[in-house]
1. For the range 32-38, in order, what is each residue's ³J(HN,Hα) by Karplus, 6.51 cos²θ - 1.76 cosθ + 1.60 with θ = phi - 60°, in whole Hz (x at glycine and Pro)?
2. Using unit Cβ charges (K, R positive; D, E negative) and no other charged atoms, how large, in debye to the nearest 20, is the dipole of the chain about its Cα centre?
3. I'd like the orientation of helix 130-139 relative to the chain: the angle between its Cα long axis and the longest Cα principal axis, in ° from 0 to 90, rounded to 10.
4. Roughly speaking, what is the stretch gain from Glu76 to Ala21, that is 0.36 nm per residue apart minus the C-alpha to C-alpha distance, in nm to one decimal?
5. Roughly how many debye, to the nearest 20, is the charge dipole of the range 1-67 about its Cα centre, given +1 on each Lys and Arg Cβ, -1 on each Asp and Glu Cβ, and no other charges?
6. Before rounding to the nearest 500, sum -39500 (n - 2.57) across all DSSP H runs of length at least 4 in the chain and divide by the residue total; then give [θ] at 222 nm in deg cm²/dmol.
7. Any idea which of Pro80, Phe96, Pro35 is furthest toward the positive side of the dipole for the range 1-126, if Lys and Arg beta-carbons carry +1 and Asp and Glu beta-carbons -1?
8. Between 0 and 90 degrees, rounded to the nearest ten: what's the tilt of helix 47-62 against the longest Cα principal axis of the chain?
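Just so it is clear, none of the values below were taken in a lab; they were calculated from the coordinates. All of these numbers come straight from a predicted model, not from anything done at the bench. Heads up, the Cβs are rebuilt from the backbone with ideal geometry, glycines too, and the neighbour counts pull from every protein chain shown.
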Amino acid sequence: MTPTEVFLRLVHGVADREYAALPELYAERTDVRHPMAPGGDRPLLSRDALREHFGAVGPQVADTIRFRPENIRIHETADPEVIVAEFEYAGTEQAFRVPAIFVLRVRDGLIVESRDYLDHVAMARARGRFDDLVAAVRAEPAGTPATS
């Protein structure tokens, strides 16, 4: 699969709640980061780590909201393995939009590296978890550097 095809399977798989299948889009050894995540980035460095991530986070989101990817714009780069994808997750049962940008490196049809930037405030609001997000941010020690 091309990087674009892999990306489309990923975002549609998330929206369609195909959490068990999503780790198969990633290489055994991968590097997935969420640099804008409240509480700091926790790198996911293996397919097993992604399996655990999707198994834990997916149902939490699925229990509260439904959405689909929209306004997808994919930018190819000078490196044929790398794409930059802009999109939004749009609510299907309630009105909300969560803008996102993913930067993916796909090799041999599998994601080997990804930087996923999304609006965590918009997602928390959509899920009715804004107060939880604020509490988590307040609990962080002042000056705590985000990991990269």
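1. Once rounded to whole Hz, the list reads 10, 9, 10, x, 9, 5, x.
2. 300 debye
3. That works out to roughly 90 degrees.
4. 17.3 nm
5. 100 debye
6. -9500 deg cm²/dmol
7. Of the candidates, Phe96 comes out farthest on the positive side.
8. Between the helix axis and the principal axis of the chain, the angle is about 50 degrees.
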